[in-house]
2 protein chains.
Amino acid sequence: MTYWGWQCTLGSLTYCILYDPETKMSAIIIIDQMHSSIVSQLESLGYHIDYLPEITRQQLERSIGKYHGLIVRSKTVIDRSLLERTTQLQFVARAGAGVDNLEEDALNQRGIHIINAPEGNRDALGEHVVGMLLSILSRIFEAGISVRMGHWDRERFRGSELAGKTVGIIGCGNMGNAFAKRLGGFGCKILGYDKYNPVDDSIYHASVNIQDLYHASDILSLHVPLTAETKGFYNYSFLQQFKKPIILLNSARGAILPLNDLVQLIKDGKIIAAGLDVFEKEPFSQLSRNEKDTYEYLISSPVVLLSPHVAGWSIESYRRINDVLVEKIKHLKATGLID
Amino acid sequence: MTYWGWQCTLGSLTYCILYDPETKMSAIIIIDQMHSSIVSQLESLGYHIDYLPEITRQQLERSIGKYHGLIVRSKTVIDRSLLERTTQLQFVARAGAGVDNLEEDALNQRGIHIINAPEGNRDALGEHVVGMLLSILSRIFEAGISVRMGHWDRERFRGSELAGKTVGIIGCGNMGNAFAKRLGGFGCKILGYDKYNPVDDSIYHASVNIQDLYHASDILSLHVPLTAETKGFYNYSFLQQFKKPIILLNSARGAILPLNDLVQLIKDGKIIAAGLDVFEKEPFSQLSRNEKDTYEYLISSPVVLLSPHVAGWSIESYRRINDVLVEKIKHLKATGLID
């Protein structure tokens with residue numbers, strides 16, 4: 001087992017004890033940085049844990065065969081070529097909501113369970129998106145910069161109220177619902193559109209079809225997962241069908257919303273403001289010349305509010321995601337679906 | 001009546017028709033800029049309206065004797081010396097919530113009705129203050145600036161959730177309630193403290209005494225009017241009694257919160273962040289050297305979010321304030337309390 005030599009350079013010596021398959025314990029490898037609570041929680045379920053957040057893809061390929069469980073955040077794509085190296089993998093757990101970095105078909109074919117933790121970060125996401133929306137409507141971001149520059153311009157920062165407006169939500173799962181629930185006290189109308197999930201009528205004023213959503217929305221918030229179907233779907237031709245000029249919010253995945261199209265829709269006046277937590281390229285590096293123009297337009301636009309993919313990212317969610325994953329692993333173990 | 005000559009330079013010629021007391025119509029003078037809807041609304045109640053937003057104090061003193069009603073925003077203090085010039089004034093209406101620019105005792109002594117319009121801007125205020133709070137908790141303001149500067153630093157902008165925290169509200173009238181109502185969907189505990197008004201238990205989880213507020217609050221939001229009692233009241237010795245480090249929000253009046261004390265409490269770690277829409281000196285001009293240091297500290301502090309007294313200031317409230325005032329004037333007229 002000489003290939004374990006690299007472990008001691010990874011700064012997490014505590015969890016670099018070699019996993020010895022002879023012990024007959026099931027073993028889990030964690031390949032991204034996570035709140036430290038996860039290790040002791042999983043150990044108490046009887047697992048051996050290798051916490052290796054600095055592991056490279058190549059190193060993972062060489063060692064994955066030994067593990068029964070794999071826990072990831074976003075760094076690594078869990079695809080067919082990696083899965084070919086597995087011999088006893090029973091589950092892959094994603095420390096977050098989206099599973100777009102997992103090849104679901106390939107995992108399903110091998111009978112490997114997929115676990116995710118939207119219950120862990122939906123509250124943080126809901127709060128962030130309402131915060132972005134109010135910051136846009138009440139001009140908080142812009143006014144804050146203006147005051148810091150020594151100006152005092154009340155008339156310039158007269159806001160627009162959420163009360164009385166209609167908010168259209170696409171995707172009424174954990175994330176859409178968390179956003180919608182928080183709008184309950186604002187006196188706005190909340191419409192839900194979901195192609196696959198039932199829309200919870202205790203949270204939404206109405207479940208609508210896409211035509212009604214186009215017709216009524218003043219604000220549109222996207223909460224769909226990234227799939228082959230949603231990739232690039234919320235493009236120019238989709239968004240121009242809204243009847244009124246809209247405020248657009250995207251906290252789901254960057255790849256569902258082509259930013260070139262967004263820029264054009266802002267120029268057209270169809271999108272009057274946007275709150276973006278996710279982008280086609282994250283971080284904003286290695287952009288082509290054309291992409292650079294697009295991102296520079298968005299960054300310098302007074303009607304666009306940006307954040308660096310942190311909408312589900314809170315002190316509380318960092319820990320709660322672990323609790324959710326551990327609970328789900330415990331449940332699978334208790335029902336005999338994994339060892 | 002040669003003193004009316006200045007009227008025609010004021011740019012509001014439509015409403016500069018001289019008021020002629022011989023007509024026996026009751027007349028109202030409006031001395032601040034307001035949404036234009038107010039004039040026709042009041043005319044339809046049978047009033048003559050002089051809309052003179054550029055009028056000076058001296059000009060007002062010379063002409064106030066002719067009017068039955070006076071409508072103000074903030075520019076002019078309606079004090080004893082002005083009221084001595086009135087002969088038939090029956091009401092003063094303030095186009096906003098606070099009446100701290102009206103000398104209430106002097107008005108009451110003369111039997112002059114005071115009208116204000118908190119119902120007109122409470123929604124805008126509630127939205128703005130929730131927006132400031134979420135912007136602070138989810139780091140939206142700071143993260144927005146960082147992304148605009150080309151950075152991508154997710155770990156730096158991990159937020160803190162409102163869910164599970166306790167929000168203490170001082171002053172449970174129109175404004176405090178508007179803020180509290182909007183918190184209903186966020187899973188936080190909402191405590192109300194009010195020395196004079198009953199606390200509505202359909203909005204707050206509990207009505208508490210000041211000791212309980214000190215003990216439990218993670219967040220404190222001030223919603224009291226500016227009076228002799230509240231002026232400078234929320235000072236160092238008051239705020240240091242909170243048990244936990246708190247986030248402080250002030251959207252009420254600047255004079256209730258001494259900013260020197262706030263700076264010290266931030267330095268002490270007792271106040272971990274602040275959202276300020278109002279300030280002791282507005283706008284930030286004509287500051288003494290000491291004041292300048294205080295304001296510069298606040299403006300450059302990463303934990304302070306500032307806005308230029310716009311929390312009740314929306315497109316909708318601009319018009320709705322008029323509707324509220326007109327409705328109240330109509331009611332007083334209908335009940336025979338004013339002509």
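The values are calculated or read from the model by the stated rules, or taken from the named source; none is laboratory data. Values in this document were obtained by computation on a predicted structure and should not be read as measured data. Neighbour counts run over all protein chains shown; Cβ positions are idealised from the backbone, glycine included. What goes into the accessible areas is simple: the full protein's heavy atoms, side chains included, and nothing from ligands, DNA or RNA. Shrake-Rupley method; radii C 1.70, N 1.55, O 1.52, S 1.80 Å.
The table for this structure:
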quantity	calculated
Qualifying positions in the range B:256-298 - of a type in the set (A, V, I, L, M) and without any contact (Cβ under 8 Å) to a residue 12 or more places away in the chain	B:LEU287
So B:GLY131, is it surrounded by fewer than 20 Cβ atoms within 10 Å (Cβ to Cβ), within 7 Å of chain A (Cβ to nearest Cβ) and under 24 Å from the mean Cα position of the chain (by Cα)	no
Residue satisfying all of: in the range A:212-244; of a type in the set (D, E, K, R) and in contact with a helix residue (DSSP H, G or I) (Cβ under 8 Å, 6 or more places away or on another chain); farthest from A:ASN260 (Cα to Cα) among these	A:LYS243
Failed criterion for A:VAL304 (all others in (1) without any contact (Cβ under 8 Å) to a residue 60 or more places away in the chain; (2) buried (at least 17 other Cβ atoms within 10 Å of the Cβ); (3) touching a Gly at 6+ places or on another chain (Cβ under 7 Å) hold)	(3)
Contacts under 6 angstrom Cβ, first residue in the range B:99-118 being free of Cβ contacts under 8 Å to residues at least 40 places away in the same chain, partner part of a loop (DSSP other than H, G, I, E, B) and among the hydroxyl-bearing types (Ser, Thr, Tyr), 6 or more apart	B:ASN101/B:SER74
Enumeration of residues in the range B:275-300 that are open to solvent by less than 10 Å² (accessible area, probe 1.4 Å) and within 25 Å of B:PHE157 (Cβ to Cβ)	B:GLY275, B:LEU276, B:ASP277, B:LEU298
Test: B:ALA97 is more than 14 Å from chain A (Cβ to nearest Cβ), open to solvent by 10 Å² or more (accessible area, probe 1.4 Å) and either farther than 21 Å from B:LEU332 by Cα or of a type in the set (Gly, Ala, Ser) (or both)	yes
A:THR87 open to solvent by 50 Å² or more (accessible area, probe 1.4 Å), more than 10 Å from chain B (Cβ to nearest Cβ) and hydroxyl-bearing (Ser, Thr, Tyr)	yes
Unique match (being open to solvent by 10 Å² or more (accessible area, probe 1.4 Å), of a type in the set (Val, Ile, Thr) and touching a Ser or Thr at 6+ places or on another chain (Cβ under 8 Å)) among B:VAL199, B:VAL208, B:VAL167	B:VAL199
Hits in the range B:307-319 (condition: open to solvent by 60 Å² or more (accessible area, probe 1.4 Å) and either facing chain A (nearest Cβ under 9 Å) or over 24 Å from the mean Cα position of the chain (by Cα) (or both))	B:ILE315
Flag for B:ILE329 being away from chain A (no Cβ under 11 Å) and of a type in the set (A, V, I, L, M, F, W, C)	yes
Pair list, Cβ < 6 Å and 6+ apart or interchain, from the range B:180-197 residues that are over 14 Å from B:LEU133 (Cβ atoms) to residues that are surrounded by 20 or more Cβ atoms within 10 Å (Cβ to Cβ) and aromatic (Phe, Trp, Tyr)	B:GLY192/B:TYR204
